[in-house]
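The values are calculated or read from the model by the stated rules, or taken from the named source; none is laboratory data. Bear in mind the structure is a predicted one, so any value in this text is a computation, not a measurement. Neighbour counts run over all protein chains shown; Cβ positions are idealised from the backbone, glycine included. These area figures cover heavy atoms from the full protein model, side chains too; ligands, DNA and RNA do not enter into them. Shrake-Rupley method; radii C 1.70, N 1.55, O 1.52, S 1.80 Å.
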Amino acid sequence: MHLPEYPLPDERGRFGPYGGRYVPETLMPALEELEAAYRRLRRDPDFLAELDDHLRHYAGRPSPLYFARNLTEAWGGARVYLKREDLNHTGAHKINNTLGQALIAKRMGKRRVIAETGAGQHGVSVATVAALFGLEAVIYMGAEDVRRQELNVFRMELLGAEVRTVTSGTQTLKDATNEAIRDWVTNVETTFYILGSVVGPHPYPMLVRDLQSVIGLEIARQLEEAEGRRTPDAIVAAVGGGSNAIGAFAPFAYLPADKRPRLVGAEAAGEGLESGRHAASIGAGKRGVLHGSYMYLLHDEDGQILPAHSVSAGLDYPGVGPEHSHYADAGVAEYVSVSDDEALAAFQLLSRAEGILPALESAHAVAYAARLAPQMARDEVLVINLSGRGDKDVTEVMRLLGKESR
Amino acid sequence: MSRIHAAFQRAREEGRAAVVPYLTAGYPGPEAYLDTATRLLEFADLMEIGLPYSDPLGDGPTIQRSGEAALRAGVRTADVVELVAALRRRTDKPLLLMTYINPVFAWGPARFFAAFAEAGLDGVILPDLPPDEDPDVVRAAHDAGLATVFLLAPTSTDARIREVVRHTTGFVYTVSVTGVTGARSELPDLAPLVERIRALTDLPVAIGFGVSGAETARQAARVADGVVVGSALIKRLASGEDPAPLLAEIRRAARVE
């Protein structure tokens with residue numbers, strides 16, 4: 001295998017004006033060290049072979065590109081494919097990144113890893129690779145998310161990780177991330193921070209993007225087999241921090257504009273952009289710095305970070321990766337908003353139409369695809385990146401749909 | 001000479017390290033803040049004013065909670081500008097604002113720095129801005145007439161120290177440990193780090209993070225030109241105690257031996 005090389009970020013870690021390293025000075029040497037290690041390893045055949053072996057035999061890659069015949073018929077437009085990241089080990093695309101970062105940690109001689117998690121998908125994935133490689137793992141999770149995702153907390157503990165509940169601020173992903181960064185500032189010499197999305201200080205947005213690019217690279221290869229063409233007409237993916245979307249988009253984003261598919265990121269509109277209860281950083285945010293990176297962000301006129309809301313714990317993050325911020329400005333990708341209600345409806349739609357329960361995150365992408373596909377021609381191809389499976393969300397969906405447990 | 005450098009020199013002439021208390025602006029309330037700050041100024045050579053921020057990732061729980069409380073009480077950036085102006089009417093000692101970078105961007109660096117400079121501020125401390133990351137912001141502060149203070153840490157390489165001091169005009173703020181702010185009962189041996197910094201700059205060097213009382217202040221004063229004390233004062237405030245006696249004790253202990 002190889003890790004793709006893209007024209008961005010520049011050597012200062014910027015995607016246009018976005019990105020950079022707005023972190024306490026204590027972390028600067030660690031970020032420089034990580035960047036140097038990664039630039040070396042990304043061309044190291046032994047490292048790449050080890051990563052490839054784990055992606056195939058442990059994570060279960062390549063994940064299928066599934067032709068969704070029933071959805072295609074129901075929507076009456078584009079030929080709809082689902083990229084089945086939900087079939088990866090641990091049930092989401094997160095494993096692509098955590099396997100890569102854990103292998104880098106091992107090569108850098110770090111025995112302790114830390115991570116933040118919202119819905120628990122990234123946390124479970126980190127706990128999993130820590131168990132696999134014999135690393136000590138500490139996962140930070142907001143108290144509100146601990147409540148919403150009880151099962152994932154137990155799962156992490158079964159895997160041998162320590163879950164630390166964060167009670168500061170909004171008690172969700174943003175605050176879990178603050179706490180993980182504080183831990184890293186304190187234990188930087190012994191600890192590797194496995195960041196879960198394409199956010200944070202350089203080189204993380206680049207590193208996570210490169211590791212997630214396997215999604216888009218496989219889409220191209222699998223589409224060639226299925227349709228005799230490497231590029232679809234459109235790709236839709238959910239965007240919180242934005243890692244599954246960037247993994248699907250990046251291999252196509254740097255194509256010339258006339259060869260590029262429509263790339264559509266679905267942000268969580270929550271209860272509506274006017275309600276103030278949403279997580280649409282691009283749709284309704286403005287530029288700022290959070291967790292070490294300059295990007296689109298939900299904050300007030302004084303720069304205080306606003307709480308994000310989404311029915312999906314995995315999307316309620318007030319910022320979005322710097323590369324997405326750049327794509328939005330440059331018109332490389334478009335970003336749309338999908339409400340909680342639309343996501344819930346799409347969750348049920350995909351379950352019934354194809355027998356696949358999507359994660360509530362991914363349901364946002366399905367909901368937008370339901371709008372887009374009918375407008376496309378019957379010979380066009382639409383790929384939905386199904387970033388994760390819905391098992392973790394079933395009890396929450398049951399509550400929201402007002403069903404009592406029997 | 002700037003008011004900041006003059007304050008360090010005066011302390012040196014008195015055979016002391018300069019004493020720099022930190023308080024979160026508007027905590028526990030705007031009036032109470034002004035009262036406390038005024039009492040502390042009696043024992044202070046310079047004063048550090050923290051802008052309350054929602055996501056202070058360089059701070060430990062004590063300062064974080066004080067910031068959350070101030071925000072809940074409705075303290076906004078404009079209120080902090082007014083608090084600086086009010087303090088300026090009460091003292092001619094150097095006043096420095098400690099702020100994370102996002103509130104600066106939210107107002108725009110030029111507007112933000114101009115408002116505080118006009119209120120009588122002398123300098124800014126930017127804990128999450130490695131200065132080489134955004135030289136335009138540093139320039140905007142200087143254009144507004146503010147001195148800039150950046151942090152160095154035990155992990156800082158000589159190359160990083162050289163880069164950071166190039167943009168520093170106030171003093172060098174050295175973090176005693178890898179970690180976040182917070183009172184600690186003892187400090188590591190700080191001499192090697194301070195010596196490395198002194199070899200690369202003539203700026204005054206102050207030590208912060210972990211100074212909690214006489215013993216840690218004495219230890220810091222032995223090697224540095226100044227000691228910053230924050231969490232230990234906020235802790236007293238949070239439990240309803242007057243932090244002034246603690247600062248007086250720290251000032252007595254900060255004698256250069």
| request: Output the number of residues of the range A:41-63 satisfying the condition of being touching a residue at least 24 places away in the same chain (Cβ under 8 Å) and touching a Leu at 6+ places or on another chain (Cβ under 9 Å). | output: 14
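Could you tell me how many of the residues in the range A:54-88 are assigned to a helix (DSSP H, G or I), open to solvent by 60 Å² or more (accessible area, probe 1.4 Å) and more than 15 Å from residue A:244 (Cα to Cα)? Step through it out loud before you land on a result.
Within the range A:54-88, the first condition is being assigned to a helix (DSSP H, G or I), and the residues that meet it are A:54-59, A:69-75, A:85-87.
This time we only want the ones that are open to solvent by 60 Å² or more (accessible area, probe 1.4 Å), so: A:56-58, A:69-70, A:73-74, A:87.
Then drop every residue that is not more than 15 Å from residue A:244 (Cα to Cα), which leaves A:56-58, A:69-70, A:73-74.
Number satisfying all stated conditions: 7.
Tell me which residues, restricted to the range A:122-147, are over 18 Å from residue A:359 (Cα atoms) and either assigned to a loop (DSSP other than H, G, I, E, B) or open to solvent by 20 Å² or more (accessible area, probe 1.4 Å) (or both).
Result: A:131, A:132, A:133, A:134, A:135, A:136, A:143, A:144.
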| query | If you go through the range A:243-298 one residue at a time, how many are among the charged types (D, E, K, R) and either under 18 Å from the mean Cα position of the chain (by Cα) or buried (at least 23 other Cβ atoms within 10 Å of the Cβ) (or both)? | reply | 1
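Residues of the range A:90-121 being open to solvent by 10 Å² or more (accessible area, probe 1.4 Å) and not basic (Lys, Arg), which ones? Don't jump to the end; show me each part of the working.
From the range A:90-121, those open to solvent by 10 Å² or more (accessible area, probe 1.4 Å) are A:90, A:93-94, A:106-112, A:116, A:121; that's our starting set.
The answer is A:90, A:93, A:108, A:109, A:116, A:121.
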| message | Quick check on the range B:39-59. Is at least one of its residues under 22 Å from residue B:247 (Cα atoms), more than 16 Å from the chain's Cα centre (by Cα) and not in a loop (DSSP other than H, G, I, E, B)? | response | yes
| query | Looking at residue B:193, is it part of a strand (DSSP E or B), crowded, with 18+ Cβ neighbours inside 10 Å and within 14 Å of another protein chain (Cβ to nearest Cβ)? | reply | no
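Filter the range B:61-77 down to residues that are in a helix (DSSP H, G or I), touching a residue at least 24 places away in the same chain (Cβ under 8 Å) and under 28 Å from residue B:118 (Cβ atoms), then give me how many there are. Outline the logic, then answer.
First pass over the range B:61-77, keeping only residues in a helix (DSSP H, G or I): B:61-72, B:77.
Next, only the ones that are touching a residue at least 24 places away in the same chain (Cβ under 8 Å) stay: B:61-63, B:65-67, B:69-70, B:77.
Checking the rest, the ones that are also under 28 Å from residue B:118 (Cβ atoms) come to B:63, B:66-67, B:69-70, B:77.
Counting residues in the range B:61-77 that are in a helix (DSSP H, G or I), touching a residue at least 24 places away in the same chain (Cβ under 8 Å) and under 28 Å from residue B:118 (Cβ atoms) gives 6.
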| request: Mind listing just one residue for me: the one in the range B:136-160 that is over 27 Å from residue A:182 (Cβ atoms) and open to solvent by 10 Å² or more (accessible area, probe 1.4 Å) and, of those, farthest from the other protein chains (Cβ to nearest Cβ)? | output: B:145
| said: On the basis of being closer than 29 Å to residue A:255 by Cα and either modelled with pLDDT of 95 or more or open to solvent by 20 Å² or more (accessible area, probe 1.4 Å) (or both), does residue A:27 make the cut? | reply: no
| Looking at the range A:180-230, which of its residues are in contact with a Lys or Arg (Cβ under 6 Å, 6 or more places away or on another chain) and either within 14 Å of another protein chain (Cβ to nearest Cβ) or not in a helix (DSSP H, G or I) (or both)? | A:190, A:191, A:192, A:198, A:201, A:202
